[in-house]
Amino acid sequence: MIELKNLSKSYNRGQIQAVSDLDLAIKGGEIFGFLGPNGAGKTTTIKMMVGLLKPDAGQVKIKGFDIQKNPLEVKKRIGYVPDQPDVYEKLTGLEYLDFMADAYAVPLEQRLEKMEKLLEKFQMENAVFDLIQSYSHGMRQKIVLIGSLIPDPEVLIIDEPLTGLDPKSSHIFKEMMRSRCEEGKIVFFSTHILEVAEKFCDRVGIINKGRLIALGTLQELQKQAQRKESLESIFLELTAS
Amino acid sequence: MRWSKLWILIRINLKVTFGFSAWLYYFRKRDRRFWGGLGIFAAVLAGVAPLFYFYLLLLQETAAELAGTGWEGVIITSGAVLASALVFFLGLVYVISAFYFADDLDRLISMPFKPAEILGGKFFAVLFSEYLTIAPFFIPTLLVYGLQVEGGLLYWFFAIIIYLLLPVIPLIIVSLGTILLMSITNLSRNKDLLRILGMVLLVVVLLGFNYLVTRLPEGGEMEFMLEIMQEPEGMISITGRAYPPSIWITEALTAAGAGDRLLNLGLFAGVSLLGLLGLMVGADRLFFPGLIGGQEITIGGKVKPGLLQKKVRSRSPVLSIALREIKILIRVPIYLFNSILILIIAPVALFFPLLLGMGGVNIDEYIALIEPDLLKLGGAGFFALLGFIASALSSSISREGKLFRISQQIPVHPNYQVLGKLISGLLISLLIVPIIILAAIIIFPWSPLDIIIICLLGLLLSVPLLAFSLLIDLLRPYFNWQNPQQAIKQNINVLIAMVGGFLILLGLGYVMVYLLERGLGINWIFLLTGIGAGLAGLIFLLILFQVAPRRYRDISL
Ligand SMILES: Nc1ncnc2c1ncn2[C@@H]1O[C@H](COP(=O)(O)OP(=O)(O)O)[C@@H](O)[C@H]1O
Ligand SMILES: [Mg+2]
């Protein structure tokens, strides 16, 4: 369960209102797409959800815990994959994974089992022993993703996924997200790419200029829109100003 | 080599190194940063002023004792050797970071400059920093001697030339050694490790060579010493053998005839220039091969079964964080050269001149002069100071840079995270134990129990220092760097922590020496030092635990 209440954030002493008065509730077992053009406020919202950014006002609750009051309880329960896959260049992939697993207190058994499975799926079984500085952009994304999946979080938050993944990996990724939902977990991701949201999400929230301007399943959104067309036209229509 | 190009590069490098343009800009804009920078500069000056004062006193006393003996020149020789050694050891760090880890290198390589021109520009930038570094040590020497013998115009003129030329030869030696090492090791897979070993080897070989040439003849020490004593120039020549240019320097400033002086100055200048030419020739061949390439790794092949099981470990978050810190510190060459390598360079630089019997002083006799208890306290202080510098906690938060978001994201309480960092510092400090043991074997008359006490006390003393420096960096981390070098070189926290830590140690040391002189038993002193250090450590730790959760929550990258 994710609850955002009246969430607001501005930059440069109020000059840039990145997120204003955002309300959102997401229940278990769904893939939620947070859709919006560049600069809409997606990354800002996500950073507030994972505790990297302090909101000016409002509240973030995950599984009933408030990120401001109970940050550790929230952080334990979420996995976060940022838009830029920046990782420790001078650790090997395995050392990074081990570090993350230590940080999330993942027992050795679960750690090994997950690592074996995920490394094989994303074809990182060999590269995992090399220093991350030798990885390509896509490999970095994979190692960050794997690192966030090892603790098996109840809520997975991904900022702009799939931008650097090869087709095979992105297919596997989608399947994995689907199966997480079937286990009742939440996948929350942001994207500015419509197709991704269209094919892939149970529900979509459209954000523009920091405000949530539409929310619902694809069908609901199509009903809202004047013309019954693809999400693209809805998106364009809603975000046009 | 085109001089106009070289000149362009020198100017750019100087501007960047010393931030002239930035400071001028801040000054014109009446920016806070200008006054802040000035304030910190003043604070640093105030911190080292007492030490400098002692140095001046020492020089004056030495000069007074030498007066009339015909050995007045010794002061110049020692000053020159000391300054050259300083240039050499600091050069080991300056040169490698300027030549190989500067952030503008990628751009410079792609521009139409020759290797020797790029390297030359960097070399002169380092040279200028060395002028500043040796100024407080060498200029007083020149002044004291010059005033004592009432040197004429020629003396002062030569003194200026010598001051300008002094760092050239040691810096060339370091530079040539460095580019040779970097180009040889560049293709190797373990090049970082090899480079460290190479640096150490370079130091050891040079010092070993020095040791051999200055060694007193076996069995005939007494006769030899007597001979030296009888002959006014003897002392100078034995010191000068460690570093021949120091003789030329001495002669150029102290010889009786103007002709002799000119000859020696010419010799010194000539060798310096020849060295420069050699460096330029070497640079054209060796500089780029050491700089470019060598990044490839091996991917592919069969997966080795069981490798994962063997390598995966489960650790407590605190230990895991400590290990992450250490791994990154030793794997980023610039961090390694600036911190952990100090563990080798500092003791060697400190003790080797003594071991060589510089200035004809016998090390054992010299040490016998110092109160043994004081020596042990000093040992513990040295331990703490070295560990404090080597573990580099004063840039530990800054060095995380934009990856600090990982620290903010993981569900590990910030207090555990800073604890992990402190433990990394203590683990690194443990590397000093073998140094103390070695020092006890070679130089100091310490029993195994003494060694244990010194190390324990040293570790305890380093707790407040480490916690203090981490606190400084936590309060005002510098995240906005583009390249790891800036994280430490442009980080004012490093300087603040250094001065602060030094003052903390000095304060504790002052109290202890005071008590010792009041006749308090040494065991009490040890105990009190331990308690004092423990208390100070606890206080800083508690402050740290107050600050950390808020900083980890509030910092936004
Ligand atoms: N650190 C920052 N400082 C100032 N403005 C920022 C900062 N980060 C984001 N912004 C601004 O906030 C708005 C929302 O940005 P962001 O959340 O990154 O959008 P999105 O992820 O949807 O592309 C943009 O106008 C952006 O320019
Ligand atoms: Mg974004």
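The values are calculated or read from the model by the stated rules, or taken from the named source; none is laboratory data. Note that this is a predicted model, so its numbers are computed, not measured. For neighbour counting, all protein chains shown are included, and Cβ atoms are generated from backbone atoms with ideal geometry for every residue, glycine included. In case anyone asks, the SASA skips ligands and DNA or RNA and just uses the protein heavy atoms, side chains included. Shrake-Rupley method; radii C 1.70, N 1.55, O 1.52, S 1.80 Å.
A helix-only calculation puts chain A at -11500 deg cm²/dmol for mean residue ellipticity at 222 nm, using -39500 (n - 2.57) for each DSSP H run of at least four residues, averaged over all residues. Per-atom-type breakdown for the protein assembly as shown gives carbon and sulfur 65% of the accessible area (1.4 Å probe, protein chains only). Peptide B:332-339 is shielded by partner chain Cβ atoms: per residue, an average of 1 of them sit within 10 Å of its Cβ. Here the simple spin-label model places points 7 Å from the Cα toward Cβ, and for residue B:427 and residue B:164 these points are separated by 5.1 nm. Rounded to the nearest Hz, the phi-derived 3J(HN,Hα) couplings of the stretch A:194-207 under the Karplus curve 6.51 cos²θ - 1.76 cosθ + 1.60 (θ = phi - 60°) are 5, 3, 4, 5, 4, 6, 10, 9, 6, 9, 10, x, 9, 10, where x marks glycine and proline. Between rounded, prolate and oblate, where does the protein assembly as shown land on the alpha carbon gyration tensor, with a ≥ b ≥ c its root eigenvalues, rounded for a/c under 1.5, else prolate if a/b exceeds b/c? Verdict is prolate for the protein assembly as shown. Cross-link partners for residue B:114 among the lysines, with Cα-Cα distance under 27 Å and sequence neighbours closer than 8 places in the same chain left out: B:5, B:15, B:122, B:191, B:489.
Inter-chain neighbour count for A:98-111: the average number of beta-carbon atoms from partner chains within 10 Å of each residue's beta-carbon is 5. In terms of its C-alpha gyration tensor, the stretch A:2-238 has a prolate overall shape, because the principal axis ratio a/c (a ≥ b ≥ c, square roots of the eigenvalues) is not below 1.5 and a/b outweighs b/c.
Other protein chain C-beta atoms within 10 Å of residue C-beta, averaged over A:84-97: 4.
Summarising the strand pairing of chain A, around 55 percent of its internal DSSP beta bridges are antiparallel. The residues neighbouring residue B:319, those whose beta-carbon lies less than 13 Å from its own, together hold a net charge of +2 under the Lys/Arg +1, Asp/Glu -1 convention. For residue A:208, the residues 5 or more places off, or on other chains, whose built amide H falls under 5 Å of its own are A:213. The residues of the protein assembly as shown have, on average, 46 Å² of accessible surface per residue, using a 1.4 Å probe with all protein chains present.
The 3J(HN,Hα) values that the Karplus relation (6.51, -1.76, 1.60; θ = phi - 60°) gives for the stretch A:115-130 are, in residue order, 4, 4, 5, 5, 4, 5, 4, 8, 6, 10, 4, 8, 5, 4, 8, 8 Hz. Gly and Pro appear as x.
In this structure the amide hydrogen of residue A:29, modeled in the peptide plane, comes within under 5 Å of the amide hydrogens of A:184, A:185, A:186, none closer than 5 places in sequence on its chain. GNM on chain A, alpha-carbon springs under 10 angstrom: the most fluctuating residue among A:105, A:40, A:127 is A:105. In this model, which of A:5/A:223; A:42/B:311; A:69/A:174; A:42/A:69 are farther than 31 Å apart at the alpha-carbon? Correct reply: A:42/B:311; A:69/A:174. Buried accessible surface for the B/A pair, both sides summed and rounded to the nearest 100, is 3800 Å² with a 1.4 Å probe. Take the Cα of residue A:193, go 7 Å toward its beta carbon, and the backbone nitrogen atoms of the stretch A:150-179 under 15 Å from that spot belong to A:158-175. Phi-derived couplings, Karplus 6.51 cos²θ - 1.76 cosθ + 1.60 at θ = phi - 60°, listed residue by residue for the stretch B:86-99: 4, 4, 4, 5, 5, x, 3, 8, 4, 4, 5, 6, 6, 6 Hz, with x used for Gly and Pro. In chain A, excluding the sites themselves, the longest stretch lacking any of the trypsin sites (Lys or Arg not before Pro) that are in a DSSP loop with at most 11 other Cβ atoms within 10 Å is A:70-226.
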